[in-house]
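So the structure is just underneath, and the comments pick up after that.
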Amino acid sequence: MFTKDLYLAGGSFHGLQEVFSRIYGVVDTQAGYANSRIEAPTKEQVADGSAEAVECVKVTYNPKKIDIGMLLNVFFTIINPYTDGIQGKYVGPQYRSGIYYTSKEDVPQISYFLVFLQNRGVAHQMTDNALVVNEFEGEGKVRPKVRTEMKELVNFYPAVEEEQHYLRSHPDAYTPIDIHLLEELKIIQ
């Protein structure tokens with residue numbers, strides 16, 4: 001089976017991994033750290049900024065069952081692309097939002113989504129959590145700058161085993177993503 005990888009960052013990797021692991025067509029997910037200046041950084045090195053890495057989820061998917069556009073649509077539904085290093089209660093450069101590609105053929109579609117979001121308008125909270133719907137509010141409103149970065153993946157280091165699929169073993173742990181609402185909307189299984 002032919003698969004492709006996409007690396008997505010937006011707050012803690014726990015919530016992102018839980019969402020993407022439950023999407024039809026996604027073969028595997030792995031929580032880890034992207035674009036680190038330190039080889040195999042620890043969570044502490046990422047948190048204190050010395051690694052300059054971002055918490056990220058490697059999403060391996062079957063492009064015959066789901067395309068990158070659908071994955072990005074889900075991604076921009078669950079993160080706020082207009083904040084810089086803030087997703088819910090998670091604050092810091094390691095929590096910035098980003099899309100890290102390994103194939104240049106994905107760049108036009110990623111760029112399209114970023115331009116679309118920039119031209120679409122401001123983000124609104126739908127719940128007390130961080131499900132975000134982006135819609136234009138009308139004339140005279142200032143559109144915030146999209147802060148989601150798009151970069152080529154330089155490296156990816158998996159997080160330790162205890163961090164993988166963390167929300168499955170700790171369902172009451174904090175995540176700014178409203179998993180139950182996503183289930184009700186049939187965005188995830």
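The values are calculated or read from the model by the stated rules, or taken from the named source; none is laboratory data. Just so it is clear, the structure is predicted and the values come from calculations on it, not from any experiment. Note that each Cβ is placed from the backbone with ideal geometry, even for glycine, and that neighbours are counted across all protein chains shown. When the accessible area is computed, the model is the full protein with side chains, heavy atoms only, and any ligands, DNA or RNA have been set aside. Shrake-Rupley method; radii C 1.70, N 1.55, O 1.52, S 1.80 Å.
Normalise the Debye intensity by I(0) for the chain, one equal point scatterer per Cα, no solvent, then take log10 at q = 0.08, 0.15, 0.17 Å⁻¹ and round to two decimals.
The Cα Debye sum returns log10 ratios of -0.23, -0.87, -1.14.
Taking a probe of 1.4 angstrom, what is the accessible area of His165 in Å², to the nearest 10?
Taking all protein chains as shown, His165 has close to 50 Å².
Say we join alpha carbon atoms closer than 10 Å with springs in a Gaussian network model of the chain; which of Tyr157, Tyr61, Tyr166 then has the biggest fluctuation?
Checking each option, the largest mean-square fluctuation is seen for Tyr166.
Using amide H atoms built 1.01 Å from N in the peptide plane, name the residues 5+ places from Ala53, or on other chains, whose amide H lies under 5 Å from its own.
Arg37
Can you give me the solvent accessible area of Met150 with a 1.4 Å probe, rounded to the nearest 10 Å²?
Here the residue's solvent-accessible area equals roughly 60 Å².
Compare Phe76, Phe116, Phe156 in a GNM of the chain, Cα atoms joined below 10 Å, and give the one with the largest fluctuation.
Phe116
Carbon and sulfur atoms: what percent of the 1.4 Å accessible area of the chain do they account for?
Its accessible area is 51 percent carbon and sulfur atoms.
Relative contact order, percent, of the chain when contacts are C-alpha pairs under 8 Å separated by at least 6 residues?
Answer for the chain is 30 percent.
From a point 7 Å beyond the Cα of Ile38 in the direction of its Cβ, which residues of segment 154-173 have a backbone N at a distance under 20 Å?
154-164
Quote to one decimal, in nm, the extra length available between Ser169 and Asn119 on full extension: 0.36 nm per residue of separation minus the C-alpha distance between them.
14.0 nm is the gain from fully extending Ser169 to Asn119.
Order Ile110, Ile179, Ile86 by their accessible area, 1.4 angstrom probe, all chains in place, largest first.
Largest accessible area first, the residues go Ile86, Ile179, Ile110.
Past 27 Å, Cα to Cα, is the threshold; run Lys4/Lys151; Lys104/Lys186; Lys64/Lys89; Lys43/Lys145 against it and keep the listed order.
Where the Cα-Cα span goes over 27 Å, the pairs concerned are Lys104/Lys186; Lys64/Lys89; Lys43/Lys145.
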